[in-house]
């Protein structure tokens, strides 16, 4: 038997999708080359297999019947690090919590994990972005304000292990890279975005299995 070790699980919540929408995207991106990864599995909250990518190809025969012919990943996801899943013709019944699990044949853990958050481009300069760990223990993970990061305001647990893009306000990419993830990083995370015009929030569950 081939033995695999799953080193990271990213949980993505698909909110209610209105009628007429042709597709919905479940974002999941790795920040390092996944040369050691052999398999990627998406599942829904009930454990049904939504999508399987293994041996450099998709495995539709392993999907639950409700998802067949409705899912797609980009070409060569392990090379690009983009493990996002597109679900076509979503309905209200697809509103759920989905997990993306990455398996490594050699049992080697990830060097980093990306907590995704993509919002509108060209955010105002007064925008403040705060990533927090909400469970199991409240901690400030990353603080961005006055157009710069503030490592003095983050918890020591995350010192020298977090990073965001330099042009995050222009690109609207508020994703957070967490380096050298361990089991102690597992939990519920939230990103709060504030400026004079708006308030936004994103929730992400992260599970790291050593």
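If we scan the range 123-144, do we find a residue that is more than 19 Å from residue 184 (Cα to Cα), modelled with pLDDT under 85 and within 19 Å of the chain's Cα centre (by Cα)? Before the answer, list the steps.
So in the range 123-144, the residues more than 19 Å from residue 184 (Cα to Cα) come out as 123-130, 143-144.
Narrowing further to those that are modelled with pLDDT under 85: none.
Among the residues of the range 123-144, not one is more than 19 Å from residue 184 (Cα to Cα), modelled with pLDDT under 85 and within 19 Å of the chain's Cα centre (by Cα), which makes the answer no.
Of 67, 53, which residue is crowded, with 16+ Cβ neighbours inside 10 Å, modelled with pLDDT of 85 or more and under 20 Å from the mean Cα position of the chain (by Cα)?
Working: 67 fails: under 20 Å from the mean Cα position of the chain (by Cα).
None of the other options fit; the residue is 53.
Does at least one position in the range 132-154 carry a residue that is touching a strand residue (DSSP E or B) at 6+ places or on another chain (Cβ under 9 Å), surrounded by fewer than 18 Cβ atoms within 10 Å (Cβ to Cβ) and closer than 13 Å to residue 113 by Cα?
no
Kindly indicate the residue of the range 184-210 that is in a loop (DSSP other than H, G, I, E, B) and in contact with a strand residue (DSSP E or B) (Cβ under 9 Å, 6 or more places away or on another chain) and also surrounded by the fewest Cβ atoms within 10 Å (Cβ to Cβ) among those meeting that condition. Spell out the reasoning first.
Here is the first cut: in the range 184-210, the ones in a loop (DSSP other than H, G, I, E, B) are 186, 195-198, 209-210.
Pick out the ones that are also in contact with a strand residue (DSSP E or B) (Cβ under 9 Å, 6 or more places away or on another chain) and you get 186, 195, 209-210.
Details: 186: 18, 195: 15, 209: 13, 210: 10.
Taking the candidates together, the pick is 210.
The values are calculated or read from the model by the stated rules, or taken from the named source; none is laboratory data. Being a predicted model, the structure only gives us computed values, none of them experimental. FYI the Cβ positions are ideal-geometry reconstructions off the backbone, even for glycines, and counts take in every protein chain you see.
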